[in-house]
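Student: Below is a structure I'd like to ask you about.
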């Protein structure tokens, strides 16, 4: 796992010192080695976390044997030995997957190589003959890559924070991206928090002609893989037993291939279905106890340590558990702006960072169970949204719209005055919020509106961000998601395309790479994803039981009594924190004068929400946390400047 950067100058020679400065802002991603390659107007930089082939033969930037191609690469190609065997004419210098990827590109071209690779990656390869720079990102978006024009320089980097070293006077914050961040807790690809800088969308590549590129013009991404392709295929109508065997074979292959490393390896273990199955398959193929790691908390409502401990004992892993007090989590909040180089509002990054830090004391690579909820219909929100829509669609839309108008016109002040007489602590503002919420639900036009609303922390972020107009995402693209796709399938696919790469995988990448730990996700082997996308409905959510296949497979290794428990998120008690230990910090970031002076957010709605939350009239912790993460990021950015 590594960090990559690059600069293409529109005119003149590239500044090698500047490339080095960009590169070294990513030292945390690659503490073991560093390299820079320069030619004319192109400069490439690399920070290396050595995982496979620890020798100097794995050093990057790497030039192909023919001398035509130069690559900087972040990630792992899990089937590199298979690809290596097919490249029979290459005189190999080392044993790294980086060299295999580079020589495959030299032999087959970028797109053919991408079709043949199994792995997680983001890379830039420069064709010295054609003067063409190609950027590519893995199929599911496990590894990040930002790119765009900064003045007269085209730049790219693994993390947005690397660009802070550029002499870039017009680094404007994108208000549209900020509006999307308030809604989703993240800035969704292809956007970034900065104007003119994009995230490369998963499963795509971008080509730039470095000799004729026009300043400010960015080529459109080209899609080489998408899970959408699988939606048009007929489901796999086979027996549950046959599907189980095929699924287990794919899972076993993914786990085994991702255990290849020349450094110590372990796994995150929560005691849930996904991570337990990954660890079980690791232990099955390992010659010694697998190292597993869990963070426990002294708040039982958020603690997974007991379940993980039981699974670890049953499987015989070498288990390490660290119980953290509330203060350790609170202290870690000060590190969030450094962890996330653009505003990021998923508070579960805190425990993810702490368990990564724990694991890094013992290993350099960790496998996780991320992706199981999106692939096997595991989120509780899926059946909840289906039930809501099933009730709403029984009532004609005109009737619902009429009822919504009645609620919005209700004499709230008069109603609130009479509520105390019947024992209800009436408050006009709170009642108005509740009636408005019901009216919003009644106005849902279709299934997509239901799920968009559930995924939204701010329902109307355009009204909060001054001058903001949020961008279209897969959750809001009415033209893309037709009614022909069942609601259950659409929700999970939208999450696979958006929530997974923009939130879950971003969280894991930033938290683990901050401590120099490589995190691998075997459930997101794209071949397994293709298999899951074609599974029949009965195997994903039949008979009211999500993850049916995973549960059957896990039962071969772990008794159901150890994992059969309600789904528990990896979260923190944010609602209580904002009312007590973080109250002073939050109220200081959200003063009216500060919000006015910054000029990005409309203060009244935010301060009313904060007041309601502090006085326990409502739980607005998720929405407020998004605002606080932007304000905290903005303060850190200002201090760096």
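Student: If contacts are Cα pairs under 8 angstrom and at least 6 residues apart, what is the relative contact order of the chain in percent?
Tutor: Working: 1140 pairs, mean separation 100.5, N = 641.
In percent, rounded to a whole number, it is 16.
Student: Considering every Cα-Cα pair within the chain, what fraction, in whole percent, is farther apart than 34 Å? Kindly include the intermediate steps, with their values, before the conclusion.
Tutor: Values: 93746 of 205120 pairs.
When all Cα pairs of the chain are counted, 46 percent exceed 34 Å.
Student: Here's something else I'd like to know. Per residue of the chain, what 222 nm ellipticity follows from adding -39500 (n - 2.57) for every DSSP H run with n ≥ 4, rounded to the nearest 500? Don't skip to the end; give the middle numbers.
Tutor: Numbers: 29 runs with 265 residues, N = 641.
Taking each H run of at least 4 residues, the total per residue is -11500 deg cm²/dmol.
Student: Then there's this: Starting from the Cα coordinates of the range 2-223, work out the convex hull volume and express it per residue in Å³. Let's see the in-between values first.
Tutor: Numbers: hull volume 25.2 nm³, N = 222.
Enclosed volume per residue, from the Cα hull, is 113 Å³.
Student: Any idea what angle helix 397-408 forms with the longest principal axis of the chain, computed on alpha-carbon atoms, 0 to 90 degrees, nearest 10?
Tutor: 60 degrees
Student: For a test of the definition: using alpha carbon positions, the gyration tensor, and the 1.5 limit on a/c, classify the range 206-269 as rounded, prolate or oblate. Numbers along the way, then the final one.
Tutor: Numbers: a/c = 4.50, a/b = 1.56, b/c = 2.88.
In terms of gyration-tensor shape, oblate.
Student: Also: With a/c under 1.5 counting as rounded, go ahead and sort the range 126-226 into rounded, prolate or oblate using the C-alpha gyration tensor (a ≥ b ≥ c being the square roots of the eigenvalues; past the cut-off, prolate if a/b is larger than b/c, else oblate). Could the numbers behind the result be given before it?
Tutor: On the way: a/c = 2.06, a/b = 1.20, b/c = 1.72.
Note, shape of the range 126-226 comes out oblate.
Student: Subtract the Cα-Cα distance of residue 246 and residue 32 from 0.36 nm times their separation in residues, and report this length gain in nm to one decimal. Please list the in-between numbers first.
Tutor: On the way: separation 214, 0.36 × 214 = 77.04 nm, distance 3.92 nm.
Taking 0.36 nm per residue and subtracting the Cα distance, the gain is 73.1 nm.
Student: Pull out the extension gain between residue 401 and residue 564, defined as 0.36 nm times the separation in residues minus the alpha carbon to alpha carbon distance; nm, one decimal. Kindly include the intermediate steps, with their values, before the conclusion.
Tutor: On the way: separation 163, 0.36 × 163 = 58.68 nm, distance 4.20 nm.
Once the chain is fully extended between residue 401 and residue 564, it gains 54.5 nm.
Student: On to the next question. Take every DSSP beta bridge with both residues inside the chain and express the antiparallel ones as a percent of the total, to the nearest 5.
Tutor: Values: 53 of 70 bridges.
Bridges in the chain that DSSP calls antiparallel: roughly 75 percent.
Student: Kindly rank 313-320, 97-104, 157-164 from highest to lowest mean number of other beta carbons found within 10 Å of each residue. Display every interim value, and only then the final one.
Tutor: Details: 313-320: 17.1, 97-104: 25.5, 157-164: 22.9.
Going by the mean number of other Cβ atoms within 10 Å, highest first, we get 97-104, 157-164, 313-320.
Student: Something else now. Could you list the residues of the range 108-141 with an amide nitrogen less than 16 Å from a label point located 7 Å from the Cα of residue 85 in the Cα-to-C-beta direction?
Tutor: Hits in the range 108-141 for residue 85 at 16 Å: 117-118.
Student: According to a simple spin-label model (label point 7 Å from Cα along Cα-to-Cβ), what is the distance in nm between residue 437 and residue 469?
Tutor: 3.1 nm
Student: Also, I was wondering about something else. Over the range 2-223, calculate the relative contact order: mean separation of alpha carbon pairs under 8 Å at least 6 apart, over the residue count, as a percent. It would help to have the intermediate numbers written out before the result.
Tutor: Details: 488 pairs, mean separation 43.8, N = 222.
Here the relative contact order equals 20 percent.
Student: A further question on this structure: Relative to the longest principal Cα axis of the chain, at what angle does helix 349-360 sit, 0 to 90 degrees, rounded to 10?
Tutor: 30 degrees
Student: Once you place label points 7 Å from the Cα toward the Cβ at residue 172 and residue 93, how far apart are they in nm?
Tutor: 4.4 nm
Student: Can you tell me the 0 to 90 degree angle between the C-alpha axis of helix 305-315 and the longest principal axis of the chain, rounded to 10?
Tutor: Orientation of helix 305-315: about 40 degrees from the principal axis.
Student: Going by average Cβ density within 10 Å per residue, which order do the peptides 608-617, 83-92, 491-500 take, highest to lowest?
Tutor: Values: 608-617: 15.5, 83-92: 12.5, 491-500: 24.0.
Highest mean packing first, the order is 491-500, 608-617, 83-92.
Student: Quickly rank 327-340, 519-532 as a protection proxy: mean count of other C-beta atoms within 10 Å, highest first.
Tutor: Details: 327-340: 17.1, 519-532: 22.5.
Output ranking for 327-340, 519-532: 519-532, 327-340.
Student: I need the semi-axes of the equivalent ellipsoid of the range 21-107: take the C-alpha gyration tensor, multiply each eigenvalue by 5, square-root it, list largest first in whole angstrom.
Tutor: 22, 16, 9
Student: If you don't mind, there's one more thing I want to ask. Over the range 443-522, what is the mean sequence separation of C-alpha contacts under 8 Å (at least six apart), divided by residue count, expressed as relative contact order in percent? Intermediate values should be presented prior to the final figure.
Tutor: On the way: 27 pairs, mean separation 17.9, N = 80.
Across the range 443-522, relative contact order equals 22 percent.
Student: Also, quick follow-up: If you line up the Cα atoms of the range 574-640 on their principal axes, what length do they span on each, largest first, in Å?
Tutor: Answer, in whole Å and largest first: 35, 22, 17 Å.
Student: Another question, then. Report the gain in length on full extension from residue 602 to residue 17: 0.36 nm times residue separation, minus Cα-Cα distance, nm rounded to one decimal. Intermediate results must be reported in sequence, preceding the final value.
Tutor: Numbers: separation 585, 0.36 × 585 = 210.60 nm, distance 4.13 nm.
Difference between extended and current length: 206.5 nm.
FYI, it's all coordinate maths here, none of it is from the lab. Bear in mind that the values here come from a model prediction, so they are computed numbers and not experimental data. Neighbour counts run over all protein chains shown; Cβ positions are idealised from the backbone, glycine included.
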